[in-house]
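Peer 1: Structure provided below as structure tokens; questions to follow.
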Amino acid sequence: MVQAGFLQWTIYASIDPYILTSILYPAHDASWYIAIAGDEMVIAYSPKLPRPLLYEVRNLTIEEEKALNESNYSLAINITMKFIKLMFSNKVINLAESQGAYLIGTSNPNTDPEGYRALMVFQLIGMYSGNGKYYYIDLFNELNKSNKVYEVLAGSQLIGLLQLGDVWFDIAIYKSSAETANLPYFPLPPLVNLGDSRYSNVYSNASVTITVNGKPYLVKGAPIQLALTIPSKYPHKDEAAKLILFLISHRGRELMKMLGITPLKPAILYGNLTQVPKELRLLLNSSEVVYGG
């Protein structure tokens, strides 16, 4: 049934290449992928926060943006810690409860990469704060036990709740999603936002075990990449390759920018080159596509 389903699709896309390599590769449904864009994690917040709290949150956001613009990442980490401390403070927890709102929204790590990436971000912030890798994870879990966390299957389901003020902070959202939905958000330093390939080794220190089809998978932190492949049993690979070629063209990249996604130029091709359509292979080692191994 799964293989029949794949035959209906010209392209399989995932915001996490790990899904391809750990699930599709072993099932022989794919043996290569191309990373065409990147993204980063941010913390979105409701524009309907109580005015004094919204003022505090906006001021911290402005401070953070200034530090990031100046590449002062140590300061940005300190401001991030202030933001997280405020979000987890008893004052804010009790205020949200008094107004019948959920303090935090997130997505299920087993059904949405945003969900496990949120936990990875908390781990990385804990490491850099000196509080320990699982310090903020433990705080989050305590809130979850107290029914102060609203969990959904996919992060997009939280957008309307934030806009209405039913959820105050979305810890599992991509920058592109926040910008597309016109939600205010707190940016995170590249050391912890999973959005900068220069920090791949740092991100790998974070990990989350998820369950897919009853099987556990250990997912390690890595730069966020939008990965595409063509299912192995799809009969019209050359036609499907034309869509990928469009997406990595100038027009395709401009389209992704309009959607708040950061195109990768060059795009990065991974895996078994013998299975890659000729049209894509011809672009290897050009300004458009490089081989990543």
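The values are calculated or read from the model by the stated rules, or taken from the named source; none is laboratory data. Because the structure is a prediction, the values reported are computed rather than measured. Here the Cβ positions follow ideal geometry from the backbone for every residue, glycine too, while neighbour counts run over all protein chains shown. For the accessible areas, the whole protein counts, side chains as well, though only heavy atoms, and no ligand, DNA or RNA atoms are used. Shrake-Rupley method; radii C 1.70, N 1.55, O 1.52, S 1.80 Å.
Yes/no matrix, rows are residues, columns are (1) of a type in the set (Gly, Ala, Ser); (2) without any contact (Cβ under 8 Å) to a residue 60 or more places away in the chain:
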position: Ser74; (1), (2): yes, yes
position: Thr80; (1), (2): no, no
position: Pro113; (1), (2): no, no
position: Ala118; (1), (2): yes, no
position: Tyr128; (1), (2): no, no
position: Ile137; (1), (2): no, yes
position: Asn147; (1), (2): no, yes
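Peer 1: Return the residues of segment 218-236 that are open to solvent by 40 Å² or more (accessible area, probe 1.4 Å), under 16 Å from Ala30 (Cβ atoms) and out of contact with any Asp or Glu (no Cβ under 9 Å at 6 or more places or on another chain); say none if nothing qualifies.
Peer 2: Pro235, His236
Peer 1: Going by the structure shown, is Ser89 under 24 Å from Gly115 (Cα atoms) and either open to solvent by 60 Å² or more (accessible area, probe 1.4 Å) or under 19 Å from the mean Cα position of the chain (by Cα) (or both)?
Peer 2: No.
Peer 1: Moving on to the next point. Select from segment 139-176 the residues that are among the hydrophobic types (A, V, I, L, M, F, W, C), part of a helix (DSSP H, G or I) and in contact with an Asp or Glu (Cβ under 6 Å, 6 or more places away or on another chain) and list them in ascending order.
Peer 2: Those that are among the hydrophobic types (A, V, I, L, M, F, W, C), part of a helix (DSSP H, G or I) and in contact with an Asp or Glu (Cβ under 6 Å, 6 or more places away or on another chain): Leu158, Leu162.
Peer 1: Going through segment 177-197 one residue at a time, which ones are open to solvent by less than 10 Å² (accessible area, probe 1.4 Å) and either in a helix (DSSP H, G or I) or touching a His at 6+ places or on another chain (Cβ under 9 Å) (or both)?
Peer 2: Of everything in segment 177-197, just one residue is open to solvent by less than 10 Å² (accessible area, probe 1.4 Å) and either in a helix (DSSP H, G or I) or touching a His at 6+ places or on another chain (Cβ under 9 Å) (or both), namely Ala178.
Peer 1: Another one. Every residue in segment 150-176 that is under 14 Å from the mean Cα position of the chain (by Cα) and either open to solvent by 50 Å² or more (accessible area, probe 1.4 Å) or modelled with pLDDT under 95 (or both), please.
Peer 2: Ala154, Gly155, Ser156, Ala172, Lys175, Ser176
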